[in-house]
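The structure appears below as structure tokens.
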Amino acid sequence: MASVAKSLRAKHPREKLYILVAKRNSGSFTYDGIELGGERVCVEIEDELQQIERRGGKIKKLSLVGYSLGGLVARYAIGLLHARGILDTLECKNFTAIASPFLGVRSPLRGWANNTFNVLGARTLCMSGRQLFGIDKFRDTGKPIITVLSDPNSIFMTGLARFQRHTLYANIVNDRSAPYFTTAIAKTDPFTDLTRIKANFVPGYEDVILDPLNPVTHLPPPQDDPEPVSLQKWASNLPFYLALTVFVPVGVVAFLLNSAIQTVRSSRRVKQHESGLAGINPESYRVNLWINEIREAVEDAYENINNAHEPEYLAASSSASDDDDTAAEGDAALAYGGHSDDDDGDHRPASQGILALERKMSRAEEPTLALAPYQFEAIRALDTLKWRKYPVWIHKVSHSHAAILVRKEKDSFSEGYIVLRHWLDEEFLL
């Protein structure tokens, strides 16, 4: 977040804007999960507010910016700040998310690909990873934390709604950590084939920031025989497939070893946190999650090997393969292990109802991605906040996740400065 803080300070004087770059989740501490991360950030904000008051200062307004997993951690912290009454004394201005996987990282895949990457892959990671793949059960809710964070009756959504402006920036290509659909809170992805669209950019931010109201113009399909295109695409991917045969066996072993080490270390930190030995009394932050009622109430190292796969879509309701699709989509629903309040513990009927509705709404020009039911529910809930969603096209690097906010100062990340300039000049409310 150094580049974000530096850009803010360059535009706003110190006497107008106080900047806190949270430090308690640095390094491998992000493996410990959204809940612990959110509690740490909440404590850090409260401590900073108290120190400012002891020095004779007074904070009147609050804005939060979250990057990647930090966007989910920030939303959890906001829920705690709301429940503890901290936001009652502050004017909530901006909540900004940059490349944050609000729908988790379960990819829109079905069949064997779903079972390989979303089910098996999720179980090789530690707490943040389990949460991001949606296979965790948060406290006594029996639901993934991704679902709880977007429940309209939760402290998290009620706290988030207090902010005057909600802005997000999402990479449209080459974000192997957090794909477009999850960072843009979207059930369609018009950018899967860039040869079929014309990008419409925001004036003054050409080639990087797309117009959120009219991001693309769909081009007519080419008249050429598609076979040579397919062959050309296969040939262009040949180096990647060859690399897979050489590096994946070695990489998988290294990944699993690292996952085991990080899981052990994370488990130790979680136990210390829960026992109060980490400097935070967890009971002080285990507040009631729900605003209007009490009811049954992310996985981190998301190595995106599934980035090599094309996303899959929900078949149209009139498709002859409906039965097969319903079975496959049922498997996708089972992958996250959640359940509905009204299905007596068997979430499959409710899940298939959601999927059937989404199939009916799917359009040929932008088909609906094969997301899990909990992801569709999160989209509907989060969209009530009227987000200002900006698609971002990073051209200079093949992995755009770090470039979007200039995680390191280097020439290939320079397009990230355009994103920061747009946010400061067009979106950030002081």
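The values are calculated or read from the model by the stated rules, or taken from the named source; none is laboratory data. This structure is a prediction, so every number in the text was calculated from the model and none was measured. Cβ placement follows ideal geometry from the backbone for every residue including glycine, while neighbour counts extend to all protein chains displayed. Surface accessibility is based on the protein's heavy atoms, side chains included, excluding ligands, DNA and RNA. Shrake-Rupley method; radii C 1.70, N 1.55, O 1.52, S 1.80 Å.
Values as computed for the structure displayed
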{"item": "The range 124-156, residues that are open to solvent by 10 Å² or more (accessible area, probe 1.4 Å), part of a helix (DSSP H, G or I) and either under 30 Å from Phe201 (Cβ atoms) or aliphatic (A, V, I, L, M) (or both)", "result": "Met127"}
{"item": "Filter result (among the charged types (D, E, K, R) and either in a loop (DSSP other than H, G, I, E, B) or open to solvent by less than 80 Å² (accessible area, probe 1.4 Å) (or both)) within the range 378-398", "result": "Asp383, Lys386, Lys389, Lys396"}
{"item": "Counted residues, the range 137-154 - those being hydrophobic (A, V, I, L, M, F, W, C) and in contact with a strand residue (DSSP E or B) (Cβ under 7 Å, 6 or more places away or on another chain)", "result": "1"}
{"item": "Residue under evaluation Asp175, criteria (1) in contact with a Leu (Cβ under 6 Å, 6 or more places away or on another chain); (2) not in a helix (DSSP H, G or I), criterion not met", "result": "(1)"}
{"item": "Failed condition for Gly134, given (1) touching a helix residue (DSSP H, G or I) at 6+ places or on another chain (Cβ under 6 Å); (2) over 30 Å from Cys42 (Cβ atoms)", "result": "(2)"}
{"item": "Top-ranked residue in the range 59-72 [being of a type in the set (A, V, I, L, M), in contact with a strand residue (DSSP E or B) (Cβ under 9 Å, 6 or more places away or on another chain) and open to solvent by less than 20 Å² (accessible area, probe 1.4 Å); ranked as nearest to Ser3 (Cα to Cα)]", "result": "Leu64"}
{"item": "Selection count, the range 399-415, where residues are more than 16 Å from Ala10 (Cα to Cα) and open to solvent by less than 80 Å² (accessible area, probe 1.4 Å)", "result": "10"}
{"item": "Matching residues in the range 195-215 - criterion: being more than 14 Å from Val392 (Cβ to Cβ) and either part of a helix (DSSP H, G or I) or at pLDDT 95 or above (or both)", "result": "Thr195, Arg196, Lys198, Pro203, Gly204, Leu213, Asn214"}
{"item": "The range 73-86 residues that are open to solvent by 20 Å² or more (accessible area, probe 1.4 Å), paired with ones that are of a type in the set (D, E, K, R) (beta carbon under 7 Å, 6 or more apart)", "result": "His82/Arg162; Ile86/Glu46"}
{"item": "Filter result (in a loop (DSSP other than H, G, I, E, B) and open to solvent by less than 60 Å² (accessible area, probe 1.4 Å)) within the range 14-58", "result": "Leu17, Ile19, Val21, Ala22, Asn25, Gly33, Gly57"}
{"item": "Total residues in the range 96-123, condition modelled with pLDDT of 70 or more and either assigned to a loop (DSSP other than H, G, I, E, B) or small (Gly, Ala, Ser) (or both)", "result": "11"}
